[in-house]
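To start, the structure itself, in structure tokens.
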Amino acid sequence: MTLDDTIPWGSSSNPSSWSKRIPLLILAIIGFLIAFYLGLYQLHVFQKVWEPFFGNGTNAVVKSSFSRSLPIPDGLIGAFGYLCDIILVSIGNSTRWKTKPWVVILYSILVAMMGFVSILLIIVQPVFLQTWCTLCLASAALSLSMVLPAMQELKATLHLIKTKRSGETFWEAIREN
């Protein structure tokens, strides 16, 4: 720990501070709205979908056999993922990297999985579908932009596990001071 108990050892700032988490919360809300909109389109709530750059690209992507192979619309799966992001990024105070390690670990796993899926979807669009989806790309960009901040917070939490190896128990390392 540094002299400031909210800043993890080896860091220059607090990865759980609200100044770092509010932008992630905003990104997750925007991602949720995009994914939910696409999911509603896939459920035929809307007749047309917004696509400013790639002609019929969004329609082709969200109605592709790839998208239809899932039991529920992939837009709704993405919306659920972003909803989980919203919940997990909102839990805890500015010392959650040490007081709520399981929240940080779950959040990091979710963000990493969504980032991985985003990369796959970015590859699938041009390679297999020969088109692009503007909103899908925007959603992927949002997911990928959350990965680094989540990993910085995870790094601080994992340092607590290393502390356990140096004689202090894990619970002693994560108790609120």
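The values are calculated or read from the model by the stated rules, or taken from the named source; none is laboratory data. From a predicted model like this one, the values you see are computed outputs, not experimental measurements. FYI the Cβ positions are ideal-geometry reconstructions off the backbone, even for glycines, and counts take in every protein chain you see.
Which of the residues spanning region 137-159 are in contact (Cβ under 8 Å) with a residue 40 or more places away in the chain and surrounded by 21 or more Cβ atoms within 10 Å (Cβ to Cβ)?
139, 142, 143, 146, 150, 153, 156, 157, listed by residue number.
Looking for something in a loop (DSSP other than H, G, I, E, B) and at pLDDT 95 or above - is there at least one such residue anywhere in region 1-13? Scanning region 1-13 turns up no residue that is in a loop (DSSP other than H, G, I, E, B) and at pLDDT 95 or above.
The C-beta contact set for region 118-131 (first residue within 17 Å of residue 79 (Cα to Cα), second residue of a type in the set (Ser, Thr, Tyr), distance under 8 angstrom, 6+ apart or interchain) comprises 118/139; 118/143.
Residue-wise test of (1) in contact (Cβ under 8 Å) with a residue 40 or more places away in the chain; (2) among the aromatic types (Phe, Trp, Tyr).
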| position | (1), (2) |
| --- | --- |
| 8 | yes, no |
| 14 | yes, no |
| 44 | no, no |
| 49 | yes, no |
| 54 | yes, yes |
| 95 | yes, no |
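I'd like to know if region 59-70 contains one or more residues that are under 16 Å from residue 21 (Cβ atoms) and out of contact with any Asp or Glu (no Cβ under 8 Å at 6 or more places or on another chain). Looking for residues that are under 16 Å from residue 21 (Cβ atoms) and out of contact with any Asp or Glu (no Cβ under 8 Å at 6 or more places or on another chain), one finds none in region 59-70, hence no. The residues of region 77-103 that are surrounded by fewer than 22 Cβ atoms within 10 Å (Cβ to Cβ) and of a type in the set (Val, Ile, Thr), listed by number, are 77, 86, 87, 91, 95, 99, 103.
Would you call residue 28 under 18 Å from the mean Cα position of the chain (by Cα), farther than 30 Å from residue 159 by Cα, buried (at least 20 other Cβ atoms within 10 Å of the Cβ) and in contact (Cβ under 8 Å) with a residue 40 or more places away in the chain?
Working: under 18 Å from the mean Cα position of the chain (by Cα): yes; farther than 30 Å from residue 159 by Cα: no; buried (at least 20 other Cβ atoms within 10 Å of the Cβ): yes; in contact (Cβ under 8 Å) with a residue 40 or more places away in the chain: yes.
Taking the combined requirement at face value, the residue does not satisfy it.
Within region 43-60, is there a residue that is surrounded by fewer than 14 Cβ atoms within 10 Å (Cβ to Cβ), over 16 Å from residue 137 (Cβ atoms), aromatic (Phe, Trp, Tyr) and over 21 Å from the mean Cα position of the chain (by Cα)?
yes
Apart from one condition, residue 68 fits all of (1) surrounded by fewer than 20 Cβ atoms within 10 Å (Cβ to Cβ); (2) charged (D, E, K, R); (3) closer than 22 Å to residue 27 by Cβ; the exception is (3). Evaluate region 104-119: report whether one residue or more is of a type in the set (Phe, Trp, Tyr), assigned to a helix (DSSP H, G or I), out of contact with any Gly (no Cβ under 7 Å at 6 or more places or on another chain) and at pLDDT below 95. No, region 104-119 contains no residue that is of a type in the set (Phe, Trp, Tyr), assigned to a helix (DSSP H, G or I), out of contact with any Gly (no Cβ under 7 Å at 6 or more places or on another chain) and at pLDDT below 95. The number of residues in region 109-136 being surrounded by 21 or more Cβ atoms within 10 Å (Cβ to Cβ) and over 20 Å from residue 37 (Cα atoms) comes to 1. In summary, helices (runs of 4 or more DSSP H) completely within region 27-97 and bearing 1 or more residues that are at pLDDT 95 or above and over 15 Å from residue 111 (Cβ atoms) occur at 57-62, 74-90.
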